[in-house]
Amino acid sequence: MEAFFVGVTGGSGAPYALSLVRALGAAGARVHLSISAAGLKVLALECGARIDPAEPDLAPFRAGAGEVLFHPIEAVEAPPSSGTHPVRGAVVVPCSMGTAARVASGLSSNLIERTCDVALKEGRPLILVPRETPLNRVHLDSLSRLAWAGATILPAMPGFYHRPKTVEDLVDHVVGKILDRLGVEHDLFRRWGAEPAGDEEFHPHAPRRG
């Protein structure tokens with residue numbers, strides 16, 4: 001069973017995290033999950049998922065034959081904090097600008113930051129999914145330094161060429177892009193060049209019907 005790390009911080013965009021963990025579970029993966037204090041509040045606000053770190057109910061995150069292992073953010077002794085633990089990739093979604101700045105500066109004050117540092121030093125995929133807008137020069141500097149260090153900066157910017165009809169379609173488009181970078185197969189969105197359903201014209205600039 002392949003293992004991945006998913007960190008959830010306080011930026012808006014909790015539905016992306018929920019969808020990603022479920023998609024990894026559906027693919028049969030083991031997910032090491034850690035959520036910051038602000039991330040817990042955003043999950044409750046945006047998804048209605050209230051997680052008690054002391055006794056976490058992870059039912060909202062579970063799907064398929066995969067496994068979800070929860071680690072409190074202060075548990076810097078958890079397996080993903082070591083480069084010897086086999087984790088195929090790490091994702092922070094959503095990634096707050098504070099988290100991005102601390103990781104870019106090499107700080108490891110909690111499990112999420114430490115796991116990001118490990119991914120960079122071990123040459124493993126590290127995907128950061130910011131949703132902040134607009135971005136100031138400090139934000140851009142942090143993201144630039146992270147990209148220079150080897151991280152993938154994958155902003156939560158869904159496309160529209162697949163004709164999204166629901167909020168879930170928009171979420172799945174971003175989550176699918178994350179899975180692509182991790183090398184995990186999925187069918188969350190229709191790819192460019194794929195046959196459209198029925199007589200629907202598939203073109204990014206075609207007017208939407210209805």
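Quick notes on this one:
- Residue that is farthest from Arg114 (Cα to Cα), among those in region 48-85 that are under 17 Å from the mean Cα position of the chain (by Cα) and assigned to a loop (DSSP other than H, G, I, E, B): Ala63
- Those residues of region 118-131 which are under 24 Å from Phe61 (Cβ atoms) and either in a loop (DSSP other than H, G, I, E, B) or touching a helix residue (DSSP H, G or I) at 6+ places or on another chain (Cβ under 7 Å) (or both), in sequence order: Val118, Arg124, Pro125, Leu126, Ile127, Leu128, Val129, Pro130, Arg131
- For region 88-107, the condition holds for no residue, the condition being that it is assigned to a loop (DSSP other than H, G, I, E, B), touching a Cys at 6+ places or on another chain (Cβ under 7 Å), modelled with pLDDT of 95 or more and not basic (Lys, Arg).
- Within region 87-121, the set of residues being surrounded by fewer than 20 Cβ atoms within 10 Å (Cβ to Cβ) and under 11 Å from Phe5 (Cβ atoms) comprises Arg88 only.
- Whichever residue in region 142-159 is in a helix (DSSP H, G or I) and among the aliphatic types (A, V, I, L, M) and, among such residues, is surrounded by the fewest Cβ atoms within 10 Å (Cβ to Cβ): Ala147
- Pairs where the first residue, in region 41-67, is free of Cβ contacts under 8 Å to residues at least 12 places away in the same chain and the second is in a loop (DSSP other than H, G, I, E, B) and among the hydrophobic types (A, V, I, L, M, F, W, C), C-beta under 7 Å, 6+ apart: Asp57/Ile51
- Unique match (being buried (at least 18 other Cβ atoms within 10 Å of the Cβ) and touching a residue at least 12 places away in the same chain (Cβ under 8 Å)) among His162, His139: His162
- Looking across region 22-44, the residues that are within 18 Å of Gly176 (Cα to Cα) and either out of contact with any strand residue (DSSP E or B) (no Cβ under 8 Å at 6 or more places or on another chain) or part of a loop (DSSP other than H, G, I, E, B) (or both) come down to Arg22, Ala23, Ala26, Ala27, Gly28, Ala29.
The values are calculated or read from the model by the stated rules, or taken from the named source; none is laboratory data. Fair warning: this is a prediction, and the values are worked out from it, not measured in the lab. Don't worry about glycine lacking a Cβ; one is built from the backbone with ideal geometry, like all the others, and counts go over all protein chains shown.
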